[in-house]
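The values are calculated or read from the model by the stated rules, or taken from the named source; none is laboratory data. Keep in mind the model is a prediction, meaning the values are calculated, not measured. Cβ atoms come from the backbone with ideal geometry, glycine included; neighbour counts cover every protein chain shown.
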Amino acid sequence: MMQRRFVSIWFRHLLADWFTLRRPELKTVPFIIVEPSGGRILVIAANHLAEKHGINPGMAAADAKAIVPSLMVIDHLPGQNAKLLKALGEWCIRYTPLVAIDLPEGLILDISGCAHLWGGERPYLGTIIRVLRSKGYDARGAMADTAGAAWAVARFGQKNPIVEPGKQTEALLSLPPAALRLDELIIERLTKLGFYNIQAFMGMGRSVLRRRFGPELLLRLNQALGMEDEHLELLEPVIPYHERLPCLEPIRTATGIEIAIRELLEALCHRLQKDGMGLRTAILKCYRVDGQVLEISIGTGLASHHTGHLFKLFELKIPTIEPRLGIELFTLDAPKVEEVEPEQEALWTVDDDCSLEDHRLAELLDKLSNKIGVNSIKRYLPQEHHWPERSIKIAVSLKEKPTTVWRAAQPRPSLMLPRPEPIEVMVKTPDYPPKFFIYKGEKHDIIKSDGPERIEHEWWIEDGEHRDYYYVEDNKGQRYWLFRLGHYDNDKSRQWFLHGFFA
């Protein structure tokens, strides 16, 4: 199982930095940000120049002005902290998909399995903090096995910002009680009793601590030590159907890749089946030791949670995966899922009966499309249009039902061009079919023809002339669908087009 790691980022002067970025003239001016509270105006943030004079959050604005008469006072914008942290958190998603806001001035990042992509934990943390500082924010960061320990070291640690795996207890011992994210009243009571660091009370009985200080102290202590999980409200929820498979040793063989895919599919399909869902698309990502990420994907015509069928689709693409020095992490996502309708057991079966709902047909089409290309196989449905190129649409899936019937009163080509192509013709007047036509430099002598069939333009969609269609056959036995645009006496009467080919 992969070791979980967290990064806590503390923006020491979040609001002050933001105002300074908007108003560069504030760089050389001590200022505070205030808001009303209980009939008083209190300081909620101060820039570093104001802090040098002893002005800190929680102080009355009048007292701060008494210390520095020239102090600039700025009114707080409600909700600004959350808005700023959300924007900064979304920017941090480039380093990990698991980012949570930590009000009032921080972010928590779950970086499990991410640091190696930046060359290790120290370069990873250094890159994040360096870039944030370059953007104008006074940021500090720390890394540990728990979010609580990372939070504590980021704000109160004096030495190494990276706590080695399993060493969070040693990192917390010398820190003050405030490092556990406790309420001010609890911190005040601990200080009055002489508990100036966590080591002073960590060894006390749990029942004693609960009785004297309530359950919050034990909760925060257990979270920081890794004895209790901490729920994070992520900015972007993780894809519900996501599986990870870290490898103890890098995988370099096709057999190893196959085993990894099977394990991921079994776990994912078990969840899908339990929820009555099936995947339509799946994405496999392979994280190599050299930092490269390989990606392959599959798609299905019908929602499926059949492990064997889905593995066969991935199996076609395994030869495209180059493990090189080895793959150390596999992830499998199902970004598109649908409900799976329960299959009713038939009272009798007919071997030669195969409909679009037959899973065997769906699985065959899945294999073909994933082998030759997802967009290579299409299913068409009729639409309520009499203009030929608008009378069909591509079906979204095999389950989609037509809303109208196919029109079979007049012949239609088996292959219709998406856009009619102009041709040169020789035709008698006024309404005879062509004697021959030239298409792409080749002359076609017409020996049989039928028509015309007039199709009016759909004036409610766009303006245009009607078309007179002819069904013709040339001297080689090939049949075509031609039309003349508009009336013969119209200036456009010389415009003839080829629109389709008959089988």
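Details
- Strands (runs of 3 or more DSSP E) wholly inside the stretch 1-84 that include at least 1 residues being more than 36 Å from the chain's Cα centre (by Cα), assigned by TED's automatic domain parsing to the domain that holds SER112 and without any contact (Cβ under 8 Å) to a residue 24 or more places away in the chain: 31-37, 40-46
A quick yes/no check of all residues on (1) in a strand (DSSP E or B); (2) in contact (Cβ under 8 Å) with a residue 60 or more places away in the chain; (3) within 19 Å of LEU14 (Cα to Cα):
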position: GLY113; (1), (2), (3): no, yes, no
position: PRO123; (1), (2), (3): no, no, no
position: LEU132; (1), (2), (3): no, yes, yes
position: ALA142; (1), (2), (3): yes, yes, yes
position: ALA150; (1), (2), (3): no, yes, yes
position: ALA154; (1), (2), (3): no, yes, yes
position: ALA171; (1), (2), (3): no, no, no
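- Failed criterion for LEU221 (all others in (1) under 27 Å from VAL7 (Cβ atoms); (2) at pLDDT below 90 hold): (2)
- On the stretch given as the stretch 239-271, residues that are touching a Gly at 6+ places or on another chain (Cβ under 6 Å) and part of a helix (DSSP H, G or I) total 0.
- For the stretch 215-259, the tally of residues that are of a type in the set (S, T, N, Q) and surrounded by fewer than 16 Cβ atoms within 10 Å (Cβ to Cβ) stands at 2.
- Here GLU236 clears all of (1) out of contact with any Pro (no Cβ under 9 Å at 6 or more places or on another chain); (2) of a type in the set (Asp, Glu); (3) over 17 Å from ARG5 (Cα atoms) except the condition numbered (1).
- When the stretch 407-456 is limited to residues that are of a type in the set (Val, Ile, Thr) and assigned to a strand (DSSP E or B), the one that is farthest from ARG479 (Cα to Cα) turns out to be ILE455.
- Close pairs (7 angstrom Cβ cut-off, 6 or more residues apart or separate chains): within 15 Å of ALA260 (Cβ to Cβ) in the stretch 305-329, in a loop (DSSP other than H, G, I, E, B) and at pLDDT below 90 anywhere: GLY326/VAL289; GLU328/VAL289; LEU329/GLY113
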